[in-house]
Each structure stands twice: as C-alpha cells, then as structure tokens.
1. Can you tell me how many residues within region 83-100 are modelled with pLDDT under 80 and open to solvent by 90 Å² or more (accessible area, probe 1.4 Å)?
2. Which residues, counting only those in region 83-100, are of a type outside the set (Ser, Thr, Tyr) and assigned to a helix (DSSP H, G or I)?
3. Identify the single condition in (1) in contact (Cβ under 8 Å) with a residue 24 or more places away in the chain; (2) within 16 Å of the chain's Cα centre (by Cα) that Asp37 does not satisfy, given that it satisfies every other one.
Amino acid sequence: ELRNIFSLVCVRFESKLLEFDGEADHVHLLVSYPPKDAISKLVQALKGYSSLIIRKKNYPSIQKNLWGKALWSPSYFACSCGGASISIIRQYIEQQNTPD
C-alpha cells in the first residue's frame, strides 16, 4: 500500500518511484526526480500524504510506533546518485525489509 501512495505523489511531481523498501522504522525510496522543484517539497508531500492516508486506516500497529504524535520523523536523508548505477542502488534497496 505504501508503494502505491508514494507512486501517486511522485506522479504529481513529474517523478517516478523506481524502488521502494525499508524496515519498520524507515523507508528507502529511489526516485527519478526532475530538479525543477526543491527535493524538500517532494519529501514533504511524500510524508504528508502517506501520513494522512495511513492514519485514516487506523492501523493498531502504527499507533505504537509514532514519533510522539507524528507518523514520520521530521528528518530525512536525500542524495544524488549520479555516480552509482541505478542497478546497484536498486539492489541495495531491495535488500531492505519491506515495511507493513
């Protein structure tokens, strides 16, 4: 379900979600993203929209894993991967455990 939510947000930003995975407390996204908008705007939309949808579903497992009252931590890490091949980055992300 998170993959679909993130994909919808990416489309709105003329971006494409290439890979998604992670663990119970974080996610890894590989996004092809045009640099015309600030990356912070994309991250804000990804976190905001996914939080809204997930909270509406009221999953019991989510309630115990909140950051205070927030679904996501206020921080994020973003980097450019121009020097690494997409296949290597995709392989790294695929090796993570998909969150529920």
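The values are calculated or read from the model by the stated rules, or taken from the named source; none is laboratory data. Here the structure is a predicted model, which means the values were calculated and not measured. FYI the Cβ positions are ideal-geometry reconstructions off the backbone, even for glycines, and counts take in every protein chain you see. Surface accessibility is based on the protein's heavy atoms, side chains included, excluding ligands, DNA and RNA. Shrake-Rupley method; radii C 1.70, N 1.55, O 1.52, S 1.80 Å.
1. Total meeting the criteria: 2.
2. From region 83-100, those of a type outside the set (Ser, Thr, Tyr) are 83-84, 86, 88-91, 93-97, 99-100; that's our starting set.
Once the filter is applied, which keeps residues that are of a type outside the set (Ser, Thr, Tyr) and assigned to a helix (DSSP H, G or I), region 83-100 yields Ile86, Ile88, Ile89, Arg90, Gln91, Ile93, Glu94.
3. The single condition Asp37 does not satisfy is (2).
Residue-wise test of (1) of a type in the set (Gly, Ala, Ser); (2) out of contact with any Pro (no Cβ under 6 Å at 6 or more places or on another chain); (3) closer than 17 Å to Val31 by Cβ.
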{"site": "Ser61", "(1), (2), (3)": "yes, yes, no"}
{"site": "Leu66", "(1), (2), (3)": "no, yes, no"}
{"site": "Ala70", "(1), (2), (3)": "yes, yes, no"}
{"site": "Ala84", "(1), (2), (3)": "yes, yes, yes"}
